[in-house]
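Enquirer: Could you have a look at this structure, given as structure tokens, before my questions?
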């Protein structure tokens, strides 16, 4: 079965987006500060991520991430034709067929993702989705890119969890302005 | 002038103590999880900290840190006879003469600390004190020990700040279960 992973850029003070994230500014005010490193040097991205489209079997994201990102993605999926499952309450929008809207919770979304992902990685997008999967004990791996800044305010990656989650560090890397730490969740 | 530094152990989800920190359990419930690494292997501590008493010219801490730690410290200062300045509102307790209680804010505490520290390091203790000094632009260095755990709840090191603080990574180290990142504050 493919591993379920969180892979996100975070400021040292724990934010993954600036304040006031919305469709016109999906990463919030000043939030691009956390993501510029991925675009500044393509070789850094390639070294860290390899062939992301080929290695990812499915993506699971929250509805807020979908709503705030779909303009940036030009109406398509974030990773070409990699299937995306969107946790949703409320009306399902017209969307590209790469998206499947899942209304019955994280375990259902995971089952659907696993059915198409084979042994490829299943990536989680969005802080709320990450938190729900962590709370349910469904995350296998985390890679956190700690960006050299205290953003001061915005959207936190890690909010309160119902239990402690022990981690084992599996890799440590550093590139210009960013420390990259990989963990395996200890069960 | 001595550098003003924050040096703290933090869970990956940003906590420096568990919930319900109080004098009988200064690090909160489960909070020792974040600090055990310092006691598990004395050689790790010595390599990272060197001679902390000799190198530290003064300590500035919040009143909550004082109240929650003074039992553990046996009524003495945390670093032998290194002078400690305690930011305080309200009644000043009877205390060991290593402690000076400062009632007129962070800049006054810093001036008093600088007057005794010479060119030695001034260490900040406690999340609230760290935040106040960061907000006032008075911090020179941070070293954060990121412990391999999501604690889930507790006291956050970094709360909301009134402005973005850019950092430059100056060192990166890793020991069993902990990643140690040093930063210089960019002004």
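The values are calculated or read from the model by the stated rules, or taken from the named source; none is laboratory data. Quantities reported herein were computed from a predicted structural model and do not represent experimental measurements. All Cβ positions, glycine included, derive from the backbone under ideal geometry; neighbour counts span all protein chains shown.
Enquirer: Which of the residues belonging to the stretch B:40-78 are assigned to a loop (DSSP other than H, G, I, E, B) and either in contact with a strand residue (DSSP E or B) (Cβ under 9 Å, 6 or more places away or on another chain) or touching a residue at least 12 places away in the same chain (Cβ under 8 Å) (or both)?
Expert: B:41, B:70, B:71, B:72, B:75, B:76, B:77, B:78
Enquirer: Then there is this: If I filter the stretch A:5-15 for residues that are at pLDDT below 95 and surrounded by fewer than 21 Cβ atoms within 10 Å (Cβ to Cβ), do I get at least one hit?
Expert: No: the stretch A:5-15 contains no residue that is at pLDDT below 95 and surrounded by fewer than 21 Cβ atoms within 10 Å (Cβ to Cβ).
Enquirer: Specify the residue that is surrounded by the fewest Cβ atoms within 10 Å (Cβ to Cβ); the eligible residues are those in the stretch A:96-150 that are part of a helix (DSSP H, G or I) and within 13 Å of another protein chain (Cβ to nearest Cβ).
Expert: Only one residue tops the list, namely A:135.
Enquirer: Right, something else. In the stretch A:151-180, how many residues are within 8 Å of chain B (Cβ to nearest Cβ), over 21 Å from residue A:59 (Cα atoms) and touching a strand residue (DSSP E or B) at 6+ places or on another chain (Cβ under 8 Å)?
Expert: Total meeting the criteria: 14.
Enquirer: Do we find a residue being farther than 15 Å from residue B:117 by Cβ, at pLDDT 95 or above and not in a loop (DSSP other than H, G, I, E, B) anywhere in the stretch B:85-93?
Expert: yes
Enquirer: Within the stretch B:160-178, how many residues are part of a strand (DSSP E or B), farther than 24 Å from residue B:137 by Cα and touching a residue at least 12 places away in the same chain (Cβ under 8 Å)?
Expert: Here the count works out to 3.
Enquirer: If I filter the stretch B:7-39 down to residues being in a helix (DSSP H, G or I) and closer than 26 Å to residue A:144 by Cα, which single residue comes out as farthest from the other protein chains (Cβ to nearest Cβ)?
Expert: Step by step, filter the stretch B:7-39, then rank; the result is B:38.
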